[in-house]
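The values are calculated or read from the model by the stated rules, or taken from the named source; none is laboratory data. Keep in mind that what you see is a predicted model, and the values were worked out from it rather than measured. No Cβ is skipped: glycine too gets one built from the backbone with ideal geometry, and neighbour counts run over all protein chains shown. All accessible areas refer to the heavy atoms of the entire protein, side chains included, with ligands and DNA or RNA removed. Shrake-Rupley method; radii C 1.70, N 1.55, O 1.52, S 1.80 Å.
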Amino acid sequence: MIEAVGLTKRYGPTLAVDDLSFTVRPGVVTGFLGPNGAGKSTTMRLILGLDRPTSGVVRIDGKTYHELDRPLRTVGALLDAKWVHPNRSAYAHLLWMARSNGLPKRRVQEVLDLVGLTAAAKRRAGAYSLGMSQRLGIASALLGDPQVLLFDEPVNGLDPEGIVWIRTFMQSLAAQGRTVLVSSHLLSEMAVTAEELVVIGRGRLITQCTTAEFIERS
Ligand code: ADP
Ligand code: ADP
């Protein structure tokens, strides 16, 4: 579960996130919906402790990111696809991540199988398609077997097959009882992906409700 209370982030004159309060519960996919520039990425960075709130707080299972004893075992994230060294293979990248975070080596093969990247695992990541890079990002996020998962605009630029794969994958993670938050600027995409929505605009909460309720109202 994720809980934001009065979460606020200011960059100079820009209020990127403005007094945002919401909760994301386990067991369903929750869509984080809002136009470009609404503050979705900033909120995800605040959840992951990659940035500090100006005020307010966001907690994962009752703790801020920096209070977590084992962060990668608690929360995983797909933020963008381009952070793997291009000359490293998926296998080498995951093995390095596992070693540097005290995770068992067997998890590397497990997550490669989970995302369907085993056949390509020894190839250099720089030669991967966007869809394969996304799968590697998801494998990295899953390495610690976390209960909470964040996906920032995961289907951007993917072909229809890749979109369906990620959608189904996120839904199966939620069906396992995990907390899944996925951002998007497209209601049409969230309508077929998310059961609940947190809707924001200009950094502020517009509404939190079920996707069905939101579609009925809009
Ligand atoms: P979204 O993910 O919904 O597109 P962002 O969180 O990326 O929105 O951005 C929210 C607002 O904060 C935008 O106006 C953006 O320009 C601004 N912003 C985001 N990150 C920074 C930063 N590091 N420095 C200054 N402004 C930022
Ligand atoms: P650094 O060593 O620079 O602090 P990290 O090890 O925190 O970097 O993160 C490495 C990459 O993993 C970054 O791209 C970051 O966005 C991403 N990341 C951060 N936290 C998590 C997480 N809990 N699960 C998955 N990826 C994460």
Problem set entry | Filter pass, Asp80 being out of contact with any helix residue (DSSP H, G or I) (no Cβ under 7 Å at 6 or more places or on another chain) and more than 12 Å from ligand 1 (Cβ to nearest atom) | no
Exercise. Identify, please: which residue in the stretch 148-160 is touching a residue at least 12 places away in the same chain (Cβ under 8 Å) and farther than 19 Å from Thr43 by Cα and is, among those, most open to solvent (accessible area, probe 1.4 Å)?
Worked result: Asp159
Exercise. Out of all the residues in the stretch 110-119, is one or more within 22 Å of Leu46 (Cα to Cα) and modelled with pLDDT of 95 or more?
Worked result: no
Seminar exercise, completed: Of the residues in the stretch 29-56 that are closer than 14 Å to Leu186 by Cβ and in contact with a Gly (Cβ under 7 Å, 6 or more places away or on another chain), the one that is surrounded by the most Cβ atoms within 10 Å (Cβ to Cβ) is Lys40
Exercise. Could you list, in sequence order, the residues of the stretch 6-28 that are open to solvent by less than 30 Å² (accessible area, probe 1.4 Å) and over 22 Å from Val182 (Cβ atoms)?
Worked result: Gly6, Thr8
Exercise. Pick from the stretch 83-102 the residues that are open to solvent by 30 Å² or more (accessible area, probe 1.4 Å) and either in a helix (DSSP H, G or I) or among the basic types (Lys, Arg) (or both): which of them is nearest to ligand 2 (Cβ to nearest atom)?
Worked result: Ser100
Problem set entry | All strands (runs of 3 or more DSSP E) inside the stretch 26-82 with 2 or more residues being without any contact (Cβ under 8 Å) to a residue 60 or more places away in the chain | 55-60
Exercise. Counting only residues that are touching a strand residue (DSSP E or B) at 6+ places or on another chain (Cβ under 6 Å) and aromatic (Phe, Trp, Tyr), how many does the stretch 124-165 have?
Worked result: 1
Exercise. If you go through the stretch 60-74 one residue at a time, do you hit one that is within 16 Å of ligand 1 (Cβ to nearest atom) and open to solvent by 30 Å² or more (accessible area, probe 1.4 Å)?
Worked result: no
For this session: Say whether the condition of being open to solvent by 20 Å² or more (accessible area, probe 1.4 Å) and free of Cβ contacts under 8 Å to residues at least 60 places away in the same chain is met by at least one residue in the stretch 172-185.
Result: yes
